1. What ³J(HN,Hα) values, in whole Hz, does the Karplus curve 6.51 cos²θ - 1.76 cosθ + 1.60 give for the range 430-445 when θ = phi - 60°, with x put for Gly and Pro?
2. With a 1.4 Å probe and every protein chain kept in, tell me what percent of the accessible surface of the range 150-224 is carbon plus sulfur.
3. At a 1.4 Å probe, what is the % contribution of carbon and sulfur to the accessible area of the range 365-456?
4. Apply the Karplus parameterisation 6.51 cos²θ - 1.76 cosθ + 1.60, with θ equal to phi minus 60°, to every residue of the range 140-157 and state each ³J(HN,Hα) to the nearest whole Hz, in sequence, with x for glycine and proline.
5. Run the Debye formula on the Cα coordinates of the range 176-259, all scatterers equal and no solvent, and tell me log10 I(q)/I(0) at q = 0.15, 0.22, 0.23, 0.26 1/Å.
6. Say a paramagnetic label sat at a point 7 Å from the Cα of Arg289, along Cα to Cβ; which residues of the range 102-118 have their backbone N under 11 Å from it?
7. Give the average over all directions of the projected area of the C-alpha convex hull of the range 74-136, one decimal, in nm².
8. Multiply the residue separation of Leu221 and Ile122 by 0.36 nm, subtract the distance between their alpha-carbon atoms, and state the gained length in nm to one decimal.
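The values are calculated or read from the model by the stated rules, or taken from the named source; none is laboratory data. Being a predicted model, the structure only gives us computed values, none of them experimental. When we count neighbours, we look across all protein chains shown, and the Cβ atoms used for this are built from the backbone with ideal geometry, even at glycine. When the accessible area is computed, the model is the full protein with side chains, heavy atoms only, and any ligands, DNA or RNA have been set aside. Shrake-Rupley method; radii C 1.70, N 1.55, O 1.52, S 1.80 Å.
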Amino acid sequence: MASADAYDESHLAEVEQENQSRWKLTWPELKLLFIASTGFFIDAYDLFNINLVVVILNFVINGKLSGTVPNIPLQGGVLKAAVNIGCVVGQIGFGLAGDVFSRKAVYGIEMMVTTVATILIISVPRHLGKGVFTYLTVFRTIMGIGIGGDYPMSASVVADRANLRRRGTMVTFIFAMQGWGAFIGALIFIILMAIYKKGVYYHHHTGQLDSVWRIYTGLILIPAIITIVQRMLMTESTRMKGVQAAREDPNLIAQGKVAGINHEAEAPVAGGGVPAARAAKAAAWRDARDYFSEWRHMKILIGTTMSWFLLDIIFYGISLNQSIFISALGLANSKDPWEYIWQQGVANIIIAIGGFLPGYYFTLFTIEYLGRKKIQIMGLCMNALLFAIMAGKFRALQKNNHGFIAYFILLQFFFNFGANTTTFVIPAEVYPTRVRGFGHGLSAACGKCGAIIASLAVSVMSTDVGTQSVLWLFFGIAVLAIPFTFLIPETKGRDADLIDLEERRAALGPHPEGI
C-alpha cells in the first residue's frame, strides 16, 4: 500500500502543475478524471434508472403499465425521491467531512455506501408484494447518501488539483459522465429487453421482467468496485495539505506561505504534535462558520444554493418523471407489456443522444471561452422559452409526436448546455479549498431538495392538474432562477484560495517587513 501511495503522490502531484495547452492532458490528469468521472457515471446510472425500473415494477407487482404507481402516485413519487432524500444527507455530510478530515480520509467511502445499497436493492424478496416499494425506498435512500457524497468529493478532488486554465473543463468532464450514465443505462435496458423478448413477448412469461430490473440495476456493481479501489489509493492534493498545515500553524497565513496557493515552497509537513493537531481539528470545524458569516461570502452561497434549488425542481421534474411525459406525449402507448416497456427504453435513448449528451459537450468545449455565468443565464432563458412553447401549444403538440419530442430534446440540451452543468461547476470553483466541500455540498443539497419537491409534486400534479399545468409551473421556476445567478462572481480564471488568503491576511492587520 505504501508503494502505491508513493506512486500516486509523485504522479498525481503533476496534475497541479501549469501546462501550456488546455487540451493536452497529462497521464496523471487523465487518471484523475477517470477515477472521478467513473463515479459520476455510476451515480447517474443508479439515479436515473428508476424511471424504467418503476415501469417494470408497476407491471410485475400491480399489473399496470404506467410510469407512476396506480391509485397511489405519491408512493411512486416517494420511491423516485428516495435517492435525492439520501443525497441531501450525503452531500452535506461528506462535503463537510472532506474539509475537516481531508479528502483522502473520506474519498471512496461514499462509493462503498452506494455499492452496498445496490446489493441490498437487487436482493429484495419478491414475495413482499407491494411492500417491495417500501423496501426499495429505504435502500435507495441509503444509496442516495453515497451518491450525494460523490458530488462534493469528486468536485473538490478535481478542483483542488486542476490548474486555472482548464479547471472548468476538467470539472465539466466529470459531470458530463452523468449523460453517459443515463445513455448507457437506457442502452443496457433495451439490450436486456431484447434478450428477454422471447419469454415475455411471445410466451407471455411476464415474471421474467423481475429478472430484467435486477440485472439492469446490479450490472453497475462491476465498475463501482474498481472505482472504490482506485479512490482508496489516491493521496492528498498540495492545496489540501496547505490548508491542513495552516490550521496547525496560523503564522503561515500571516506570512502568505500556504502551499498550493503560491509557489514559494513545498507543502509544509503538518506535525506539531497532539496539541497542534487538536487545534487544527477545531479550526477545521470553525472554517465554514467563520467563512460564511461574512456577507460577501454568504451572498455567493445564496446564489449557488438557490439557483441549484430552482434548477433541480425543473430538471428532475422532467428527468425523474420522463416516463410520465413520454406516455403523455403518446410515445409509449402499447397495451403489450414488453412493447410498452421497450418504447419507454427507446424514447429514453433518443432523448439522451439528442439532447442530454450534446448539451454537456457544448459546455465542455465553450466553458473556458464563454464563462460560467453566461452559460447558466443563457440555459435558463432557453429552458423558460421552451417550457412556455410546450405549455402554450400542448394540445397541438400532442397530435404531433415528432414536434413534441424535438422540443423535449432541446429542453434537455439547454439543461446541460446551461444551468444543470454550471450549478455543479461554479461551487467547485467559487469557494476556497478549506470550505469547498461544504460549500459545494450545501449547494448540491439545496438542489436535491428541489429534486425531492419535483419527484413528489410532479407525480401528483400530472394526475390532478395535468401535464400542461406542470409545464407552465416549470416556466415560472426557470425565470425565477435567473436573478440568483447575478449574486455569483464569474469563476473563469478565479483563484478562490488566493482571494481567501489575501482576505485573511488583511483581517490580521499590517505585518512587519519581510513577513
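1. 7, 9, x, 3, 5, 10, 4, x, 5, x, 5, x, 5, 4, 5, 5
2. Details: 1620 of 2340 Å².
Reported share for carbon and sulfur atoms: 69 percent.
3. Details: 1910 of 2650 Å².
Here carbon and sulfur together make up 72 percent of the probe-accessible area.
4. With the stated coefficients, the range 140-157 comes to 6, 5, 5, 4, x, 4, x, 4, x, x, 5, 4, x, 5, 5, 4, 5, 4 Hz.
5. -0.73, -1.01, -1.05, -1.16
6. none
7. Working: hull surface 18.6 nm².
Over all viewing directions, the range 74-136 projects a mean Cα-hull area of 4.7 nm².
8. The span from Leu221 to Ile122 would gain 34.6 nm if fully extended.
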